[in-house]
Amino acid sequence: MECQYCHQDIADKAYQTHLGVCSERPKEAEAALLTDQNVGSHSVAPMLENEGMEVFYPTSDPYFLVSENVIEALKVTEAISRKHPANLLITGRPGGGKTTLAIEFAARFNRPAVVIDFGVLQEPQQLFQTTRLIQGSGDSMLTDVRESGFVKGLETKDCVVVMDEINRPENERVLNVLMPLLDGRRNAWIEDLRRRVYVADNVIFVATLNEGSLFCGITSIDLALRDRFREVFLDYLPVESEAKVLEVKTGIPRIIASSLAEFACAVRNTPVISKKISTRQLLYAAEAYSEGTPLWEAVSTAIGSSNDLGWRQQVLEIFSLNIKDETEYEKWINKPRELRYVQY
Ligand SMILES: Nc1ncnc2c1ncn2[C@@H]1O[C@H](COP(=O)(O)OP(=O)(O)OP(=O)(O)O)[C@@H](O)[C@H]1O
Ligand SMILES: [Mg+2]
């Protein structure tokens, strides 16, 4: 088919893709395709892929606590990135602030950021292009294909490109295309875009991952890929600090925040319990408590894993030993043995 903009002959299969990235495509055409008005006027709701992949300036979390050695590692990485390419891998505990730290890194250094959720990537192409369904279906489907936030991010000077859960793409080929972008070459020919992309000055790639036998849906990341990153490990917060985070972020009383933090710490320090309690779970419990849920119920719901009864029993036992507030302890003692069912 002949392209309506550059008049090149394009293979049928690649026609829609080409339209989205054709360098001759007028800007007005782009704008016209994407106004809310015209999307809304079609019978089919617009579908977005990788909708969140946009470059933005993150705001800082005013109460994010992190150890001094992690801060030092971030500072050094930032400084090095101004001399030569630097990539950072954040590993650590599940629900322990890895993604937040990656975004926080951009916020603290006043850099733009883009966050790519690798868990949703099925094909390498999705890393480089986003597709929006404008209207229709099957052969008459009209789509708008454009370069992704990942491409915009890596071509934006100073950008922090967050590759969240880098070991979770459905297809490992997604990782292979990263290799030349992450080493000294810092450029790669991207067939889908039919052009070479160049990583802009001072761009930092920050990857996060969870690893270990407790996680499913992950792939092991290749040693050569891992070797391209400086690595920083994010451990659980110490009790005092974690209690402070819960108190400040949810407004719960200090005594309750301490009970929660000490409970989590006790579980984490019990070697026979392999599934630990995360900061995220504690925040869920604290938020529910601040909304008026009794503490025992807030914790019981926040820890989840309803089908792992042995684990729940063990963990809730530890929780009961750490309730410092007398009223809440009373409520724990008198908690109903069975659920009551009422009309909703
Ligand atoms: N050190 C911390 N200080 C303040 N808040 C924290 C800290 N660690 C975690 N949180 C809070 O806990 C929640 C979970 O954090 P986040 O999603 O960044 O964890 P994660 O390690 O990326 O989790 P996952 O392993 O599921 O990817 C967020 O609301 C975050 O603000
Ligand atoms: Mg995360």
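Data overview
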quantity: Long-range amide H partners of Asn167 with built H, under 5 Å; calculated: Asn210
quantity: Extreme residue, positive dipole direction of the chain, given options Ala264, Ser148, Ala207 (C-beta unit charges); calculated: Ala264
quantity: Between helix 254-268 and the chain: long-axis angle, C-alpha atoms, 0 to 90°, nearest 10; calculated: 80
quantity: Mean Cβ count within 10 Å, highest first, over the residues of peptides 57-64, 332-339; calculated: 57-64, 332-339
quantity: Computed magnitude of the charge dipole of the chain (debye, nearest 20; Cβ of K, R +1, Cβ of D, E -1); calculated: 680
quantity: J(HN,Hα) series, region 63-74, from Karplus relation 6.51 cos²θ - 1.76 cosθ + 1.60, nearest Hz, glycine and proline x; calculated: 10, 9, 9, 8, 6, 5, 5, 5, 4, 4, 4, 5
quantity: Simple spin-label estimate for Arg280 and Phe64 in nanometres, 7 Å along Cα-Cβ; calculated: 1.5
quantity: Tilt relative to the chain, helix 279-290 - C-alpha long axis, 0 to 90 degrees, to 10; calculated: 60
quantity: Too-long pairs where the Cα-Cα distance tops 22 Å, listed order kept, from Lys83/Lys157; Lys75/Lys249; Lys98/Lys249; Lys244/Lys331; calculated: Lys75/Lys249; Lys244/Lys331
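Any read-out appearing in this document is the output of simple, stated calculations on the displayed coordinates, not a laboratory observation. As the structure is a computational prediction, the values presented were derived from the model and not from experiment. Every residue, glycine as well, gets a Cβ built from its backbone with ideal geometry; the counts of neighbours run over all protein chains shown.
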